[in-house]
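I am attaching a structure below and will ask some questions about it afterwards.
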Amino acid sequence: MIVKMNKYAFLVYHKEYDAFLERLRSLGVVHVKATKHVADNPVIMELTAVHKRVTTQLACLNSLLEAEDARRNADAQAGQIDVQKQEHGGERTKTDAGKQSAVAESASTGKRLSFEDGVKLLGHIEELRDKLGKSKLSLLSLEKERDAISIWGDFEYETLEKLHGAGYTVTFLTCPASHYDEVWENDYNAFVVNKIQSVVYFITIMPSGATLTIDADRAKMPVKDYRRIMADIREEEERRKALEAKLLDVARNDYDLLNSLKSDIENEAAWNDALLQADRKAGDKLMFLEGWIPDDETAKMETSLADAGYYYLKREITDEDDIPVKLKNNRIVKLFEPFTKLYSLPNYNEFDPTPLFAPFFMLFFGLCFCDGGYGLLLISIAGYFKRKVGAGMKPILSLLQCFGAATLVIGLVTGSFFGVSLVDIEYFSSLKKYLISSDRIMTISLVIGFFHVLFAKSIAACKIKVQRGWKYSLSAFAWVVLILAFACILALPMLNVHLPGTLERILYGIVILSAAIAIFYNTPGKNVFLNFGSGLWITYNTVSGIIGDVLSYIRLYAIGLTGGLLGGVFNSIAIDMTASMNPFVRWLPMLLILVVGHALNIALSMISSLVHPLRLVYVEYYKNSEFEGGGKNYKPFKKI
């Protein structure tokens, strides 16, 4: 759900404003209302630019340290070193930040890094990375040159220069093997150096000034010999390794400094932004600031400010206010919030879509994966890694377990386990009448799509009712009732459910009444004829839209069927390709085929099972629920 926000105004004497901001920051609950652009403040812009540089370089240093940790772990497992005895091992931790100046202190060395020194350190790292990049490019160029010269063998370039000094010209040539004429060896002193596939590489040695008329392509004259190029490559490799060693040394010694500096810059930028957003009143004697506070935090804030003697006033929220959004959900629904934020936060006047689409998303994922064995594997893998990863990765693995649980249930209901159809096994044949066949999955997918779209339209009607009132939402609710009643009239007889005549007439009456409301009362306050015209247009859009939207859900059936068939194909390949092998040897190639095949199928199914449910949520659900989005994230003023 979206947490209720309160709007507060603060009026503070200018000499007390710094102390007031410090108190607000210690509370850490006030989202400062932005009234001015930070682009107008050169200090904030400078801090933002440096922050971007720090973030970039931290990512680079972190990748170096992770690579070093991975190398150490690999060496330790091989019995070469003891990870615990490494001088620079251990977890990198953040140090405490200072107040306003961008100063950081390393937890390991006790050194202090001023903002100016931090900029110098950034420059040093950027210079090292620039040199390293140029060294890598130079290596690529030398390696290409080496590959080109290796065709001509290991010769000394000084020999070419001696021949040139003696009055001879050496020409490098190539031609197709079928065009090479051995007569050239007598006429032009041709020597075949190499033959690769169907191309001949040869040289001619002719007196300077002699005319060379030969049906071959001239190759580029080498400027170095093979030995010289290899020496240059070794020299450049040493330069690259030295630069990488310097960067790794910086990462070991200064990562904590830069990490703390990043936090201090963020604190400093937030502090300057709070100074910028305040309006000066009464000849610059009073500072006026507005902010947003979650409803459950207002009592704590009011008590703290009242004890310090600061003036505050709770203000009325207007339609023009851009209210920040803070989502609050239970621990299961919270796992799906990244999908909400990936598209857009809802605006403050909407419903939080996360708990509304989360159950459907799990169902869609299960239908797309549609294999109990794969679901069990996802649960097991996620559970194993949850014990080994940091806190930041655990929600992702918990989400994967939820997806695995949905896949396991759908897979068992449909009778698919690692690509094997359970009903084809004699032991489970009695369960066939309880399992859902693939043909019925297609129908179920369409039914789920119909109810998902109808649910979205119900949410849209509820949103209009909350935002504008009952009379404006009547038409939206009428469409929901009309569609549901009409679906009962058409669908129930197809399921051999015959309604009593009285109930059927009641449903027809509901359809007629709902249609009248939807067509003639779609815009309260307007002329009936105008409503009728717009009602017909809305009817056309609604009917055609529902048909197209519901048909989109058939992808759930198609993707699940494809994954199941592909899993079965890999099973058949593993059995058929190894059928003629010795039973004692056969198990190994079978296992390799099954592992590789099912791993590929799982990877493809994982992509499809995430992309297509996202599409159904972002397109079909968001469109029919009239999701507006554009919400601004709640970001309280607090010390990092």
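The values are calculated or read from the model by the stated rules, or taken from the named source; none is laboratory data. Treat the numbers as computed from the prediction; the structure is a model and nothing was measured. In this analysis, Cβ positions are derived from the backbone assuming ideal geometry, glycine residues included, and neighbour counts consider all displayed protein chains. Only protein heavy atoms, including side chains, enter the accessible area calculation; ligands, DNA and RNA are left aside. Shrake-Rupley method; radii C 1.70, N 1.55, O 1.52, S 1.80 Å.
Residues being in a helix (DSSP H, G or I) and open to solvent by 30 Å² or more (accessible area, probe 1.4 Å): count how many of those fall in segment 480-498.
The number of residues fulfilling the criteria is 9.
Restricting attention to segment 134-179, and to residues there that are closer than 15 Å to residue 196 by Cβ and among the hydroxyl-bearing types (Ser, Thr, Tyr), which single residue is modelled with the lowest pLDDT?
Among those residues, the one meeting the criterion is 150.
Okay, residues lined up against (1) open to solvent by 50 Å² or more (accessible area, probe 1.4 Å); (2) in contact with a Pro (Cβ under 8 Å, 6 or more places away or on another chain):
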| residue | (1), (2) |
| --- | --- |
| 546 | no, no |
| 581 | yes, yes |
| 606 | no, no |
| 615 | yes, no |
| 631 | no, yes |
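Next question, about the same structure. The conditions are (1) touching a residue at least 12 places away in the same chain (Cβ under 8 Å); (2) open to solvent by 30 Å² or more (accessible area, probe 1.4 Å); (3) of a type in the set (Phe, Trp, Tyr); (4) on the phi < 0 side of the Ramachandran plot, and residue 418 fails exactly one of them. Which is it?
Failing condition for residue 418: (4).
Let me ask another. Quick one: residue 596 ticks every box in (1) more than 26 Å from residue 413 (Cβ to Cβ); (2) hydrophobic (A, V, I, L, M, F, W, C); (3) in contact (Cβ under 8 Å) with a residue 60 or more places away in the chain except a single one, so which number is it?
It is condition (3) that residue 596 fails.
Tally up the residues in segment 278-296 that are within 21 Å of residue 324 (Cβ to Cβ) and touching a strand residue (DSSP E or B) at 6+ places or on another chain (Cβ under 9 Å), please.
Within segment 278-296, residues that are within 21 Å of residue 324 (Cβ to Cβ) and touching a strand residue (DSSP E or B) at 6+ places or on another chain (Cβ under 9 Å) number 10.
Listed residues 239, 280; which is basic (Lys, Arg) and in a strand (DSSP E or B)?
Just a single option satisfies the conditions, and that option is 280.
Only one of these is open to solvent by 50 Å² or more (accessible area, probe 1.4 Å), polar (S, T, N, Q) and more than 30 Å from residue 464 (Cα to Cα): 380, 398. Name it.
When all the criteria are applied, what remains is 380.
Inside segment 297-372, counting only helices (runs of 4 or more DSSP H) that do not spill past its ends, which hold 1 or more residues that are surrounded by fewer than 21 Cβ atoms within 10 Å (Cβ to Cβ), of a type outside the set (Lys, Arg) and over 25 Å from the mean Cα position of the chain (by Cα)?
Here the list reads 298-308.
Further, regarding this structure: Find the residue count for segment 507-532, including only residues that are at pLDDT below 80 and more than 43 Å from the chain's Cα centre (by Cα).
10
While we're looking at this one, here's another question. Can you name the condition, by its number, that residue 425 falls short on among (1) at pLDDT below 80; (2) within 25 Å of residue 523 (Cα to Cα)?
Here residue 425 meets the rest and fails (2).
Is it the case that some residue within segment 445-457 is open to solvent by 70 Å² or more (accessible area, probe 1.4 Å), among the charged types (D, E, K, R) and in a helix (DSSP H, G or I)?
no
To continue, here is another question. Mind counting the residues in segment 512-530 that are open to solvent by 60 Å² or more (accessible area, probe 1.4 Å) and assigned to a helix (DSSP H, G or I)?
6
Further question: When segment 1-57 is examined, which residues are found to be farther than 16 Å from residue 269 by Cβ, of a type outside the set (Asp, Glu) and in a helix (DSSP H, G or I)?
Passing the criteria: 14, 15, 17, 19, 20, 23, 26, 27, 56, 57.
Among the candidates 548, 568, 509, 533, which residue alone is assigned to a helix (DSSP H, G or I) and in contact (Cβ under 8 Å) with a residue 40 or more places away in the chain?
568
One line per residue, one yes/no per condition, for (1) open to solvent by 30 Å² or more (accessible area, probe 1.4 Å); (2) among the aliphatic types (A, V, I, L, M); (3) more than 20 Å from residue 39 (Cβ to Cβ):
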residue	(1), (2), (3)
247	no, yes, yes
256	no, no, yes
260	no, no, yes
266	yes, no, no
269	no, yes, no
275	yes, yes, no
278	no, yes, no
285	yes, no, yes
292	no, no, yes
